[in-house]
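What follows is a set of notes on a single structure, which appears directly below.
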Amino acid sequence: MIAAKCQKAMKFSETDSRKRAAVYVLGCKVNQAEAAAMGRILEERGYLVDGTATAPDLVLVNTCCVTSRAEAKSRRMINRLARQFPCARLVVTGCLAEVDPSVVKGLSQDRLVMGAYEKDHFREFIEPTAHPVENETRTRATKSAEFGDLGPAAIPGRARAFLKIQDGCSQRCTYCIVPRARGPSRSLAEEKVVEHARSLEASGFVEIVLTGVHLGMYGRDLSPAISLERLLERLLEETSEARFRLSSMEPQEITDELLALIAARPRICRHFHIPLQSGDDAILQRMGRPYSASLMDQLVRRIHDTIPDVCIGLDVMVGFPGEDDESFRKTGRLIEDLKPAYLHVFPFSPRPGTPAASYKPRVPASIAQSRVDELRSLSANLRQAFYERFLGQTLEAVVESEADACFGLVKARTSNYIPVAVQLQALGKMPRRFSVKLEAISNGEVIGRQE
């Protein structure tokens, strides 16, 4: 699924003679952050990043290949855009470009493939004189030792910005291609993180999402090493108004110190997105996950005890080879006990190049899909119950979208990740951050009123 276009469609004067670029992105928040940052660099190079352009001079695609399905979608998008814009320079980057640089083979137009190293040095490789890097001379992601700083990802007109502070992963889950696609864990220097955060706040962004492929490993590779907790303390010291949200965190890296910091500092969002994957220890071990169902149970209970208004979302993979009915029931029972706010459920997809691609026995697709459907139904109930807990309460929210033209609604997001629809007339000039009272739920959507 296309996660987002990294830039909103913008209208420009027909007489504007500057070159136009269209930027597309698939996959995770890190990909979104990188695409937005690359879009900004293109603007520095004199392009208008225009999602409505009918004849762009350059088309950039930031791809994903975390699953076979994601890879297939990336390939389809590349081929579609090549047909749609045959005269544009086609730039393909992201994880698929790293894993399979031949992804543009057969396309006749001007094209440039950027693997992980080239993407990290986007300013250099995007120059008009840059040519495709031959496969045998390419610097592989697995050899990357330094963080490639593309700068902060600020999307014009939005109140939230992404700031990628970590890249790569040194954890070897048996189903995951990410270590090969992105290389080992590496971090953005503390001073650079602070510099970018202060710049984003000065530009009017009121929420900064700290992203990373393995965010909890932030700072361990720096010299001297620094913890994520210390970085957050420094960011709070160096900024005055912006709030900070953490992207996905591995369960074994959510410390008591981090929980205490979030509980004490309201400018850190009350939100955790945690990859559970399975509630069965045998499956977790086969996945190469470095924790048990018991650790997950203890962690989530501790989070709830420390931060009562927290939102917890869980990633769950179903249909992993060897998952029988009892394994799946264990996962369901654990989720029901933990009472998260929502689930992100997806079926196992064999990723060539990973150990799990050859694991047996395979779960039939029909059974895997029925399990996905069951947990997605559970997720809908959990989400509804979470929203209902906060009806009548007033929470701080940040605007996520412009007003809907038909209904005059803006979408906002609370610190604990509740999306709220607010009538535009209630907002007047519509500040980027405001207090909102959650009043009702209609068709699964929370309706609020500015306080």
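Overview of results
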| read-out | value |
| --- | --- |
| Failed item, numbered, when T54 is tested on (1) free of Cβ contacts under 8 Å to residues at least 40 places away in the same chain; (2) crowded, with 21+ Cβ neighbours inside 10 Å | (2) |
| Pairs with Cβ under 6 Å, 6+ apart, first in the stretch 186-205 and part of a loop (DSSP other than H, G, I, E, B), second crowded, with 16+ Cβ neighbours inside 10 Å | L188/F147; L188/D149; L188/I165; F205/A161 |
| Any hit, the stretch 328-351, residues being within 22 Å of the chain's Cα centre (by Cα) and basic (K, R) | yes |
| Residue among Y175, Y218 that alone is buried (at least 23 other Cβ atoms within 10 Å of the Cβ), over 19 Å from N62 (Cβ atoms), touching a Lys or Arg at 6+ places or on another chain (Cβ under 7 Å) and not aliphatic (A, V, I, L, M) | Y175 |
| Residue match in the stretch 91-100 (condition: farther than 18 Å from A36 by Cα, in contact (Cβ under 8 Å) with a residue 12 or more places away in the chain and β-branched (V, I, T)) | yes |
| Odd one out for R432, checked against (1) modelled with pLDDT under 85; (2) over 22 Å from the mean Cα position of the chain (by Cα) | (2) |
| For L231: the one exception among (1) under 20 Å from A260 (Cβ atoms); (2) in a loop (DSSP other than H, G, I, E, B); (3) not acidic (D, E) | (2) |
| Hey, E238 surrounded by fewer than 20 Cβ atoms within 10 Å (Cβ to Cβ), over 24 Å from Y417 (Cβ atoms) and at pLDDT 95 or above or not | yes |
| Test: A33 is part of a strand (DSSP E or B), of a type outside the set (D, E, K, R) and at pLDDT 80 or above | no |
| Hits in the stretch 278-334 (condition: of a type in the set (D, E) and in contact (Cβ under 8 Å) with a residue 60 or more places away in the chain) | D309, D315 |
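The values are calculated or read from the model by the stated rules, or taken from the named source; none is laboratory data. For clarity, every value in this text was computed on a predicted model and none was experimentally measured. Note that each Cβ is placed from the backbone with ideal geometry, even for glycine, and that neighbours are counted across all protein chains shown.
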